[in-house]
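Since the structure comes first, as structure tokens, the remarks are kept for the end.
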Amino acid sequence: MNFLLFSPSFSITRLALAVLFVSLAILVLVIAYRKLLAYLGKGNPVKEDYCVLYSLEEPISAAQVQIYFTCEAKKNVQIILFNEQMKEIRVLKEGDFEPGGHIVTFDTATVQNGQYFYGLKSENQKTMKKMIVNNV
């Protein structure tokens, strides 16, 4: 039975150095991994530059629909209604919006039943969501 603890070459100093070396290697790997993540994340868009447009419940059967969006900074925004072929039907609301949440009300009785898109447009962003109008 020649175990490590009973071998003539075993010493506490060698064991401590081995543990220290492994710990140092793990620390270097963690630091390198964090530096790599920071480097790869530098090109991410700034959250304050964009608004978030939220989806509606489908299908829409209410006459009044509330389109909700949020902005992190003051932005000039257009809320636009598009038909199924992505052609602009009308601008529902346009103007400067303060930071926070905003609701734009749209009367679906002014359009026929079918598939539509509503979009948010600002100087650096265009985003769209789909809605199905099914007025009863």
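The values are calculated or read from the model by the stated rules, or taken from the named source; none is laboratory data. From a predicted model like this one, the values you see are computed outputs, not experimental measurements. Cβ atoms come from the backbone with ideal geometry, glycine included; neighbour counts cover every protein chain shown.
Note on the range 27-58: residues that are without any contact (Cβ under 8 Å) to a residue 24 or more places away in the chain, aliphatic (A, V, I, L, M) and either in contact with a Cys (Cβ under 9 Å, 6 or more places away or on another chain) or in a loop (DSSP other than H, G, I, E, B) (or both) total 2.
Of note, A38 does not satisfy the criterion of being surrounded by 10 or more Cβ atoms within 10 Å (Cβ to Cβ) and small (G, A, S). Selection within the range 39-74: residues that are at pLDDT below 85 and of a type in the set (G, A, S). The member of this set that is farthest from G114 (Cα to Cα) is G41.
Residues of the range 51-76 that are of a type outside the set (F, W, Y) and in contact with a His (Cβ under 8 Å, 6 or more places away or on another chain): T70, C71.
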